[in-house]
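Just so it is clear, none of the values below were taken in a lab; they were calculated from the coordinates. Please read all numbers here as calculations on a predicted model, not as lab measurements. Ideal geometry is used to build each Cβ from the backbone, glycine not excepted, and the neighbour counts take in all protein chains shown.
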Amino acid sequence: MNDRKILLTEDEMPRQWYNILADIKMNPPLGPDGKPIRAEDLAPVFPMNLIEQEVSTDRWIDIPEPVLDVYRIWRPSPLVRALSLEKALDTPARIYFKNESVSPPGSHKPNTAVPQAYYNKVFGIERLTTETGAGQWGSALSFACCQFGLECKVYMVRVSFDQKPYRKAMMETWGGKCVASPSMETRAGREALEKDPNTPGSLGIAISEAIEAAVSDASGKTRYSLGSVLNHVMLHQTIIGLEAKKQLNKIGEYPDVIIGCAGGGSNFAGLAFPFVLDKINGKHIEIYPVEPAACPTLTRAPFVYDHGDTSRYTPLLAMHSLGHAFVPPPFHAGGLRYHGMAPTVSQLAVEGIITPRSVQQIQAYDAGIAFARTEGIIPAPETTHALACVLEEAQKAKLEGKEKVILVNWSGHGLLDFGAYEKYFSGDLKNYEMTDDEICRSKKVFENFPKPAHLKSR
Ligand SMILES: Cc1ncc(COP(=O)(O)O)c(C=O)c1O
């Protein structure tokens, strides 16, 4: 089988998302009183139709027709065999990448931005607020809001805002508005700036700003939208894995190894969850979420109850967390600078169903460049972390002499990330590794919170 691209027709696109909550046990989110939160507690933040999806345990959820219509702009996305990379690595492994960079903003993020904008529109909402780390999510939500006639306001983490000015222009092209976070527009932003006027910002702070902006709008027509972490976001992203499964099936392949980079967990979950179901049912697959050593949430932080944002506006979520006050170093994979992790991904890590790994920044760029020089396309800094793991696995297959099938999520392109590539080429890019002391200090913020139960799904 030497075809390079494995394509699906529009008719072959999946019509339902896969909901992993039907197949795993989860600790519930808790309110300020330490009790499980109720749907109505979330109503000022999200529309009720998305809240219902957040807690649903139905295994399959229909994708609404207007969402499928917008998906058709770029979906089904291609599954590509990395033949040139395989050759360069001289590996017996067959490497397939699911190319999510073909969406208008350039990543997997619109897979959830589009349904989120749609459900808000149907609920009568007129304006969405959000945060963005890499700029990919803010662009995706601006694009989706434009499709459904909603206003969009994006709080972009300062360090990324400065590194990637064209992301703001992209958001404005679709009619979105973008400010650097922390900003002076919200209490959360002003407090962060008071503490440190030179802060690079963090996703935790930007989330606080966006939630505050949504709930304080007296018209009641504004809601907040999150690009990762939550159950409904993971749900929408499963279109990736469901398509990939069909594509591999077409050519009689099945993955031995599945890899995705993990910031809040959504692109990893999107590719992996439909295969996790097979693993729960007895298939042998190695599944690796890959994170930066500079923000080692799954690999070095404990599984605890913690807030999803710095100002503690979100409920307590059972997840791996470096602490809600943690401000990661300003490394270039902005979308991987998050202190927490999706509760569903965390739960799978606790149960040993998936095996988290971390890589250093320079190793990630080495892999990204090896990929660009063989397959041609240039990965986002986040995606390079997954590619570093692909290279390690391809090398391992070579040493073992095994014909493994490696499937990786190519979460986004790096065409607006050349600042980081420039630094790499000039030798100015540095590795960061958190010390044990730093991790101990950052964990103090959740010491007095309730502890999640260690549940077993199998
Ligand atoms: C291209 C790309 N990949 C990965 C991520 C990480 O997010 P997640 O873990 O939710 O997929 C981001 C986040 O901004 C991104 O832009």
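DSSP finds beta bridges in the chain, and of those with both partners inside it, around 35 percent are antiparallel.
For the chain, the dipole from Cβ point charges (+1 on Lys and Arg, -1 on Asp and Glu) about the Cα centre works out to 340 debye, to the nearest 20. Scanning residues 5 or more positions from LYS404 or on other chains, those with amide H under 5 Å from its amide H are ALA93, ARG94, with H placed 1.01 Å from N in the peptide plane. Using only C-alpha atoms and all pairs of different ones, pull out the Kirkwood radius for region 142-258 in Å with one decimal. Evaluated over region 142-258, this radius sits at 16.6 Å. Histogrammed with a bin width of 10 Å, the alpha carbon distances of region 7-165 distribute as 9, 28, 33, 22, 7, 1 percent, first bin at zero.
Over all other residues within a Cβ to Cβ distance under 15 Å of ASN19, the charged ones net out to -2, with Lys and Arg as +1 and Asp and Glu as -1.
When you count the other C-beta atoms within 10 angstrom of each residue and take the mean per peptide, 387-397, 109-119, 281-291 line up highest first as 109-119, 387-397, 281-291. In straight-distance terms, cross-link reach from LYS444 covers every one of the aspartates and glutamates whose alpha-carbon lies under 17 Å from its own, apart from those fewer than eight places away in the same chain; here that gives ASP306, ASP309, ASP436.
Considering only the Cα atoms of region 1-47, their convex hull presents on average a projected area of 7.3 nm². In a fully extended conformation the segment linking ARG373 and MET48 would gain 112.3 nm over its present Cα-Cα distance, using 0.36 nm per residue.
Volume per residue of the convex hull around the Cα atoms, evaluated for region 1-79, comes out as 155 Å³. Largest first, the three principal axis extents of the alpha carbons in the chain are 60, 48, 46 Å in whole numbers. Taking 7 Å steps out from each Cα toward its Cβ at VAL102 and ALA39 produces label points 3.7 nm apart.
Net charge of the neighbourhood of SER321, taken over other residues with C-beta under 10 Å away and scored Lys/Arg +1, Asp/Glu -1, is 0.
With the crude spin-label approximation of a point 7 Å out along Cα→Cβ, what separation in nm comes out for PHE449 versus TYR254? Result: 3.8 nm between the two label points.
Restricting the GluC sites (Glu not before Pro) of region 99-163 to loop positions (DSSP other than H, G, I, E, B) with no more than 16 neighbouring Cβ atoms within 10 Å leaves GLU126. Grab every C-alpha pair in region 329-458, bin the distances at 5 angstrom width from 0 up to the longest one, and report whole percents. Spelled out bin by bin, region 329-458 gives 2, 8, 15, 18, 18, 14, 13, 8, 4, 1, 0 percent. For region 237-309, the equivalent ellipsoid derived from the Cα gyration tensor has semi-axes of 26, 13, 12 Å, listed largest first. Per-residue ellipticity at 222 nm from helix content only, as computed over the chain with -39500 (n - 2.57) for each DSSP H run of at least four residues, stands at -11500 deg cm²/dmol. Full extension of the chain segment joining LYS195 with GLU422 gains 78.6 nm, where the gain is 0.36 nm per residue of separation less the Cα-Cα distance. With each label modelled as a point 7 angstrom along the Cα→C-beta vector, the ILE73-VAL215 pair spans 3.1 nm. Database note for the chain: Cys without another Cys beta carbon under 4.7 angstrom, CYS146, CYS178, CYS261, CYS295, CYS389, CYS440. Dipole orientation for the chain: of the candidates ALA388, PRO47, PHE303, ALA388 has the Cα lying most toward the positive pole (charges on Cβ; Lys, Arg +1; Asp, Glu -1).
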